[in-house]
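So the structure is just underneath, and the comments pick up after that.
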Amino acid sequence: MAETRIMFVSSNGTGLGHLTRSMAIARRLDRDTESLFVTMSRAAPVVREMGFPVEYMASHGSPTAGSDMRWSRRMTARLRAVISEAGPDLLVFDGVLPYDPLLATMKRVPVTVWCRRGMWQPGASTAPLTRSDLFDAILEPGDFAESADTGPTSSRRDEGHEVPPIVFLEDTELLPRAEAERELGLEPGKPTILVQLGQGPEVADATARCLRTLAAADGVQVAAASSAIAGLLDVPEGIVHLRSTYPMSRYYAAFDGAVSAVGYNAFHEMVRFGVPALFVPMRRETDDQAARARYAESVGVALAVDGPGDARIEDRLKEFLDTGRRVAMREKLEELRPENGAATAARWLQGLAESAPGRPAPRRPARLSSPGRAWVFVRTIPTTLVRLAKQTVTLPRPTTIVLAFGADEVAIREALGRASDSPERILLVTDSLAVGEVWRAGTGLEYVPAPGERQAELAGGDYAAFRRRRLQLILAGRPRFRHALSAGEVPPELLAAATAPPRRRARLLG
């Protein structure tokens, strides 16, 4: 029997949310089903650490990506190549907006699914929803706060296949308290509060306020978790600093409570595994974190504030430190505990995928004449033209390229240090994903799967030819680079091609 292959595609340049849901499903598929990941998230290294093949592609708006139009053309060609090489039976997209390059290329896949979570902001744009019918099916991960959902997807649940809230781990995968405390370096048996508000400038002050208040409390141990993407926090003396541990839920037995943002994954992990919380909702374009936080407080499983700037944070923390309040929350969490929908979602996708092998990808009608999509297109033409014009004038032009193949991060950083340009004018093309400091420095980065990686194997043929093709796709539409540097083992002809004029570059790499 031929192996079934499912490709998970996620958006989001910095987050883990879309990837976590996809990995939660992928790890519960049958053993004879292969999972491949394509992502624009800088959390791609986490996917690799979890044992899944992953190909990273920089999102629009990332350094050196160029205008949205140039990025879109380049992304379309790259997705087309990846899909053609892998030949997936089913493609699952997890994201808010199915972007044009994906829609243009996924028609080559027999079955396509949009994993579309609910709890959108009531005023969120409905433009993405006009693309729902371009997928063969919609998978809707359930939400514990579903009854508080008043966003645009709440009236469209009949479009999708709903499953219980999706959580990454099962109960048996959580460490016992003593073992979790030992691994995290916590004082055994002491009441411990976890603070994990995520990343971004809007949360830095809120995190500092929480840590100061908790550090002043008697008899409480405080642990602060750094983001797996954003890097290390500066924490006050006496705070236990937990460095980018994924998945953090594996250690939840070590905590008596948590101060947390209210994104889909963190929220449902805490609800599922019975962790009392003070929820601090973050403002997002679509995700209605505030509604989740209010609902959790209304049913007695948590306390909530209005956001990171709420003046009540310190007062609510003092309420949260009351042992009796947290015990009551834990009892309510046990009473209302939801099922984990990851295995249910995996079985459903498995059935869709197994119907696909052996039959060609359907010739789906383009359906570009949908009234909703047509109206969105016409309505956004003026703003699109203004945006593209502004990007053409204002975006920094990349002038230095660094090719790094078979090099570690130390060698890569040394090569970048030799560049005379500022980070936003440098494009790094590498076969390594262990480059967290480079990402945080603001350098543009594109990835070529290394020798032995599954993507290169699926492409077949000589690896050197595969690397040339990937490099050609990465450099398509980019202006001529003035300088080229290298790290590791870079063939001279690739370095010469990188600085050639665009047309000659294409011939050299073709």
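Could you check the simple spin-label distance between A216 and K107, using points 7 Å along Cα→Cβ, in nm with one decimal?
6.3
What's the extension gain from S154 to A450 if we count 0.36 nm per residue and subtract their Cα-Cα distance?
102.3 nm
Determine ³J(HN,Hα), in whole Hz, for all residues of segment 74-81 in sequence, where each value follows from phi through the Karplus function 6.51 cos²θ - 1.76 cosθ + 1.60 and θ = phi - 60°; x replaces Gly and Pro.
Per-residue couplings from phi come out as 5, 5, 4, 5, 5, 5, 4, 5 Hz.
State the three equivalent ellipsoid semi-axes of segment 1-124, derived from the C-alpha gyration tensor as the square roots of 5 times its eigenvalues, in descending order and whole Å.
They are 22, 18, 15 Å, listed from largest to smallest.
In vacuo Debye scattering of segment 396-509, one point per C-alpha: log10 I(q)/I(0) at q = 0.11, 0.17, 0.22 Å⁻¹?
Evaluating at q = 0.11, 0.17, 0.22 Å⁻¹ gives log10 I(q)/I(0) of -0.32, -0.78, -1.29.
Rounded, prolate or oblate: which fits segment 171-336, taking a ≥ b ≥ c as square roots of the Cα gyration tensor eigenvalues, rounded meaning a/c under 1.5, else prolate when a/b beats b/c?
It is rounded, given that a/c, with a ≥ b ≥ c, falls under 1.5.
Rounded, prolate or oblate: which fits segment 454-494, taking a ≥ b ≥ c as square roots of the Cα gyration tensor eigenvalues, rounded meaning a/c under 1.5, else prolate when a/b beats b/c? Intermediate results must be reported in sequence, preceding the final value.
On the way: a/c = 2.84, a/b = 1.55, b/c = 1.84.
Oblate, because a/c is 1.5 or more while a/b does not exceed b/c.
Aspartates and glutamates within cross-link reach of K107: Cα-Cα under 15 Å, excluding same-chain residues under 8 positions apart?
E85, D89, D133, D136
In nm, to one decimal, how far is the modelled label at L508 from the one at L175, with both set 7 Å along Cα→Cβ?
Going by the 7 Å Cα→Cβ label model, 5.0 nm.
Give a residue-ordered list of calculated ³J(HN,Hα) values for segment 63-70 (Karplus: 6.51 cos²θ - 1.76 cosθ + 1.60, θ = phi - 60°; whole Hz; x for Gly, Pro).
After applying 6.51 cos²θ - 1.76 cosθ + 1.60, I find x, 6, 5, x, 5, 4, 5, 5 Hz.
Send over the semi-axes of the chain's equivalent ellipsoid, whole angstrom and largest first, taken as the square roots of 5 times the C-alpha gyration tensor eigenvalues. Walk me through the numbers before you get to the answer.
Working: eigenvalues 299, 158, 102 Å².
The answer is 39, 28, 23 Å, longest axis first.
Pairing the Cα long axis of helix 463-475 with the longest principal axis of the chain, what angle in degrees results, from 0 to 90 and rounded to the nearest 10?
80
Laboratory data are not the source of any read-out in this text; all were calculated from the coordinates shown. Since we're looking at a predicted model, the values are computed, not measured. Backbone-built Cβ (ideal geometry, glycine too); neighbour counts: all protein chains shown.
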